[in-house]
Amino acid sequence: MKQFGLLKTLSVVALCGAATLSMGAMAGAKYGSPVAVSATAIWGSLGATRASGYTTDYIEISDQGSAIYVRGLQGSTGVSGSCVTSDAVKMAQLRAANSDAFINVSINAGQCTTLIVTNNSAIQTKDL
């Protein structure tokens, strides 16, 4: 009888542990930032842009080798913006962007100035 009780107790503990682990795998902050464009900036997460209901929203990073162009269109407002950079550090940042990255670029006279590229697990992916 005691062995059955111990086996039952161990089973319950294992089941609770498995449930806790599976909940931990499901937990985690997620955020998405669809495209936002102004005359001086383009920002948004690429995955959230693809997952949004606005089929005309986009962010484009076009690598031409010696320069990279960043373009954005916020379809709901019709506002577009673009900039170019040939700065090696900024180009390396843009080349490191994955398909679900968050991009934030400031625009000044057609040049990409301040640039933030974030790749992390909390950013909404294209699969959502």
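Since every read-out is calculated from the coordinates, none of them should be taken as a lab result. Keep in mind that what you see is a predicted model, and the values were worked out from it rather than measured. Using ideal geometry, Cβ is built from the backbone for each residue, glycine included, and neighbour counts are taken over all protein chains shown.
Numerical summary
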| quantity | calculated |
| --- | --- |
| Positive minus negative residues near ARG71 (Lys, Arg vs Asp, Glu; Cβ under 14 Å) | -3 |
| Residue-count net charge about THR114 - beta-carbon cut-off 15 Å; Lys, Arg +1, Asp, Glu -1 | 0 |
| Whole-Å semi-axes of the ellipsoid equivalent to segment 32-121 (Cα gyration tensor, √5λ, descending) | 20, 15, 10 |
| Environment charge of SER80, counting only residues whose C-beta is closer than 14 Å and scoring Lys/Arg +1, Asp/Glu -1 | -1 |
| Difference of contour (0.36 nm per residue) and Cα-Cα distance, ALA39 to ARG95 | 17.8 nm |
